[in-house]
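Q: Got a structure here, written out as structure tokens. Questions coming.
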Amino acid sequence: MGFLTVILRRLSLHRQTSLLRLGVGGLGAVLLFSLPVSGYEETSSGEYKLKAAFIFNFTKFVEWPGSAFRTKNELCIATLGRSPLDRELATLNGKVSQGRRIVFRQLNSPEEAAQCQVLFISRSELVRLESVLDSLGDLPVLTVSDSDEFCGKGGMLSLVNENVRIAFDVNIRAAHSAKLKPSSQLLKLARKIYGRP
């Protein structure tokens, strides 16, 4: 067991989430991707807090083209469909990533996502995933879900429960098609990478 894992097991879930939200360079990445899911808080609320922290930190390890931003000082994280994760993502309002203030929105249609940089697609919308992704086309919108098959079906980042921790997969081809550049740090920590050249 790694040194950081031992330390993190002694921290409360609240403290872990606080550390994640700091997102301090490489240390933030190591902390982010070392966190176990169970054992700290047996409710799904704890899992959603961790998933929201992952999504926040993903914004620190992906580069968007300048044309992706409507305003220079905002980074929009949105959800399509309703999810228990909405409440936790709403707590990110006002946080800062890459010099931009986070704004959270709940969307009713994929067409609205053109104004956002990150789109979490809830499980309720996965039945129409193909049409959602088609409507986004090559827009620079980072697509995220918590379905194991998401990256295999064209999504960009998938949060998955693996053993007792949250891991993630990356679809590098889908990200590059949208002119997004996941950092090498992010790719090193991914469980699986789809679409590698």
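Residue-wise test of (1) among the basic types (Lys, Arg); (2) in a helix (DSSP H, G or I); (3) modelled with pLDDT under 90; (4) closer than 27 Å to Ile172 by Cα.
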site: His14; (1), (2), (3), (4): no, yes, yes, no
site: Ser34; (1), (2), (3), (4): no, no, yes, yes
site: Ser38; (1), (2), (3), (4): no, no, yes, no
site: Gly46; (1), (2), (3), (4): no, yes, yes, no
site: Lys60; (1), (2), (3), (4): yes, no, no, yes
site: Arg70; (1), (2), (3), (4): yes, no, yes, yes
site: Glu88; (1), (2), (3), (4): no, yes, no, yes
site: Asn93; (1), (2), (3), (4): no, no, no, no
site: Arg101; (1), (2), (3), (4): yes, no, no, yes
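Q: Could you check Ala175 against (1) in contact with a Phe, Trp or Tyr (Cβ under 9 Å, 6 or more places away or on another chain); (2) modelled with pLDDT of 95 or more and say which number it fails?
A: Among (1) in contact with a Phe, Trp or Tyr (Cβ under 9 Å, 6 or more places away or on another chain); (2) modelled with pLDDT of 95 or more, Ala175 violates only (1).
Q: Considering only residues that are closer than 17 Å to Ala68 by Cα, of a type outside the set (Val, Ile, Thr) and within 15 Å of the chain's Cα centre (by Cα), which ones fall in segment 114-135?
A: Cys116, Gln117, Leu119, Phe120
Q: Just to be sure I understand, how many residues within segment 60-74 are of a type outside the set (Lys, Arg) and in contact with a helix residue (DSSP H, G or I) (Cβ under 9 Å, 6 or more places away or on another chain)?
A: Residues of segment 60-74 that are of a type outside the set (Lys, Arg), as a first pass: 61-69, 71, 73-74.
Of the ones still in play, those that are also in contact with a helix residue (DSSP H, G or I) (Cβ under 9 Å, 6 or more places away or on another chain) are 61-62.
Here the count works out to 2.
Q: Select from segment 84-103 the residues that are touching a strand residue (DSSP E or B) at 6+ places or on another chain (Cβ under 7 Å) and either in contact (Cβ under 8 Å) with a residue 40 or more places away in the chain or surrounded by 21 or more Cβ atoms within 10 Å (Cβ to Cβ) (or both) and list them in ascending order.
A: Across segment 84-103, the qualifying residues are Leu85, Leu89, Leu92, Lys95, Ser97, Ile102.
Q: Run Leu119 past the list (1) touching a residue at least 60 places away in the same chain (Cβ under 8 Å); (2) assigned to a strand (DSSP E or B); (3) surrounded by 21 or more Cβ atoms within 10 Å (Cβ to Cβ) and report the number of the one that doesn't hold.
A: Condition (1) is where Leu119 drops out.
The values are calculated or read from the model by the stated rules, or taken from the named source; none is laboratory data. Since the structure is predicted, the reported quantities are computational estimates derived from the model, not experimental observations. Using ideal geometry, Cβ is built from the backbone for each residue, glycine included, and neighbour counts are taken over all protein chains shown.
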